[in-house]
Amino acid sequence: GWRVAKITSAEDVDAPQRQELRDALALLTGHPVDLQLTRDPGLLGGVVVRVGDLQVDSTTRHRFDELKEHLHASAEAYRVPVAPIRREANDG
């Protein structure tokens, strides 16, 4: 009944953080969880958690990408369509 959680983080994960992750993931999966920790200095911050086919990406890069998508979608939603300029023939 054990699950393996693969954790990739920007920084080292200390013992209290490991226990919090273990407890939260056990609650989420309904099974005890064994952590496999990997440090990736290429990450700006945050963690990626993989348990089976579940992946949670809470890295800083992912959050920036989501914000960028949100801003683009908002800009499109509030864009005012511009009608083409019609010019009348000048009889003058």
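The values are calculated or read from the model by the stated rules, or taken from the named source; none is laboratory data. Model, not experiment: these values are computed from the prediction. As a convention, Cβ positions derive from the backbone with ideal geometry for all residues, glycine included, and neighbour counts pool all protein chains shown. Ligands, DNA and RNA are stripped out before the accessible areas are found, and what is left, the full protein with its side chains, is counted by its heavy atoms. Shrake-Rupley method; radii C 1.70, N 1.55, O 1.52, S 1.80 Å.
Tabulated values for the structure
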{"quantity": "Looking only at the stretch 53-84, and only at residues there that are part of a loop (DSSP other than H, G, I, E, B) and among the hydroxyl-bearing types (Ser, Thr, Tyr), the one that is least open to solvent (accessible area, probe 1.4 Å)", "calculated": "59"}
{"quantity": "Close pairs (6 angstrom Cβ cut-off, 6 or more residues apart or separate chains): without any contact (Cβ under 8 Å) to a residue 24 or more places away in the chain in the stretch 2-14, of a type in the set (S, T, N, Q) and crowded, with 18+ Cβ neighbours inside 10 Å anywhere", "calculated": "none"}
{"quantity": "Single match in 50, 87, 22, 18 (criterion: assigned to a loop (DSSP other than H, G, I, E, B), open to solvent by 70 Å² or more (accessible area, probe 1.4 Å) and of a type in the set (Lys, Arg))", "calculated": "87"}
